[in-house]
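Encoded as structure tokens, the structure appears first; notes follow it.
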Amino acid sequence: MKKTTTLLAALAFTLLGSSLAQAEEEGLFESIFGRHKEITPVSNKTYQDECGSCHFAYPPGLLPSKSWEKLLTAQALPDHFGENAELDADTLKEIREYALANAADKSDRKRSRKIALATENIDAPLRITEVRYIKRKHHEIPEKMIKGNKDVKSLSYCDACHTQAKKGVFDADTVRIPNYPDWDDED
């Protein structure tokens, strides 16, 4: 039944003049079939404004709740990876509640669920780059393209290469490594 429904939807998109690629890009399949592959994008303005003022506002689905619980405390923020990121109590409460509600282990998104499984039986990673799943996804990229690349510097700059990161899309099709336009062909 699902296969027939999928074929009918594909035919309808084609007949209506919309390409399947465009339908996929616009999330039409997700809304019809309930398939959610990517990470839920950031939707909280306070989170976006406060966290995004210093670095890419990582979607909460990139870490499990136990990580956000450690990262977003009044005690942890004065030394947030070497920076003072202190927030007033109300702002911290809003950001913490948002991150916890949208963490990897609370998400229905496929990629977030993989992150949740990869972090299930380990201590809470404090950096997204410490997540085994994320490390594995990047292991074939030569160091010169990341650390040796002045426009990337480290894996923590997700949006340097993931052109759709703000939309929560981290698939390989949307990756463009600065200064390495043909990165798949590199030795």
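Structure notes:
- The criterion of being under 20 Å from A165 (Cα atoms) and modelled with pLDDT of 95 or more does not hold for P125.
- Residue that is surrounded by the most Cβ atoms within 10 Å (Cβ to Cβ) [pool: residues in segment 51-102 that are free of Cβ contacts under 8 Å to residues at least 40 places away in the same chain and of a type in the set (K, R)]: R96
- Residue within segment 40-55 that is modelled with pLDDT of 95 or more, outside any helix (DSSP H, G or I) and in contact with a Gly (Cβ under 7 Å, 6 or more places away or on another chain) present: yes
- Qualifying residue in segment 77-89 (condition: touching a strand residue (DSSP E or B) at 6+ places or on another chain (Cβ under 8 Å) and not small (G, A, S)): no
- The requirement of being over 20 Å from G52 (Cβ atoms) and either among the hydrophobic types (A, V, I, L, M, F, W, C) or assigned to a helix (DSSP H, G or I) (or both) is fulfilled somewhere in segment 151-172, by at least one residue.
- Candidate set: segment 124-150, residues that are part of a loop (DSSP other than H, G, I, E, B) and without any contact (Cβ under 8 Å) to a residue 24 or more places away in the chain; chosen: the one farthest from H80 (Cα to Cα): E140
- Taken over segment 79-111, the criterion of being touching a Lys or Arg at 6+ places or on another chain (Cβ under 8 Å), among the small types (G, A, S) and assigned to a helix (DSSP H, G or I) is satisfied by A104 alone.
The values are calculated or read from the model by the stated rules, or taken from the named source; none is laboratory data. The structure displayed is predicted, hence computed values, not measured ones. Methodologically, a virtual Cβ is constructed for each residue, glycine included, from the backbone with ideal geometry; neighbour enumeration extends over all protein chains shown.
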